[in-house]
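Here's the structure we're looking at; comments come further down.
Rule-based calculations on the coordinates, nothing more; no lab input. Bear in mind that the values here come from a model prediction, so they are computed numbers and not experimental data. Cβ atoms come from the backbone with ideal geometry, glycine included; neighbour counts cover every protein chain shown.
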Amino acid sequence: YFREDYEYVANASDQSVLDVHNGRFCVTPEYPNGTYAYFATVNADWTSAYPYAVGPTFYGNFERRSVTAITESTTIYEQTSNIAETYFDDLNLQVLPNPVSDLVAIQINGLVERELSVELVDASGRAFAKTRIPVGGTLAHFDVQTLYPGTYYIAISDGVERTVRTIVVER
């Protein structure tokens, strides 16, 4: 496994080449005037596949906006307090690669129905990093390049149930 399995080479003359953010400006039926789009690798069932579209940089300007109406059809996910004990087993949770030297990914098979909190902790329980997998998401990741070699744990919780996976950081 590699965090980046390519060498980015700037190419201003070919607009079809992805830029350093793994994206480019595109014209599509949904955006006839064009939009900037990221490109990601997915499996046939639309779950994330390696190489994941995670990166240290992203293109664009942050804008705080309020959405007052959605005209498209949507799926509403509702949290329930009745959680089966096999919830995490049913997710087919994968933590890879393991052992890891730079970037570890937490992959869910299918879309999560409850927001998951994900923590990277050491043997004493000290948290080094926290992230989440939102409802409808499939992926989280941690950069472990600054950690000392050794055994660490990925703790995943939906607020009711918790599961832990062991990872080994190597150099």
What order do you get for 149-157, 26-34, 67-75 when each peptide is scored by the mean count of other beta carbon atoms within 10 Å, highest first?
-> 149-157, 26-34, 67-75
Given a Förster radius of 35 Å and the C-beta distance between A49 and S124 as r, what FRET efficiency does 1/(1 + (r/R0)^6) yield to the nearest 0.05?
-> 0.50
Extension length gain for D143 and Y38 (0.36 nm per residue less Cα distance), in nm, is 35.7 nm
Checking the range 103-171 for GluC sites (Glu not before Pro) in a loop per DSSP with at most 12 other beta-carbon atoms within 10 Å yields E170
Given the candidates L96, V168, A155, the one whose Cα lies deepest towards the positive end of the charge dipole of the range 85-171, counting +1 at each Lys or Arg C-beta and -1 at each Asp or Glu C-beta, is V168
Using eta = 1.567 mPa s and T = 4 °C, Stokes-Einstein with Kirkwood Rh from Cα pairs puts D for the range 85-171, in µm² s⁻¹, at 100
Between the modelled labels at A155 and S73 (7 Å from Cα along Cα→Cβ) the distance in nm is 4.2
Counting Lys and Arg as +1 and Asp and Glu as -1, each charge on the Cβ, what is the dipole of the range 100-139 about the Cα centre in debye, to the nearest 20?
-> 100
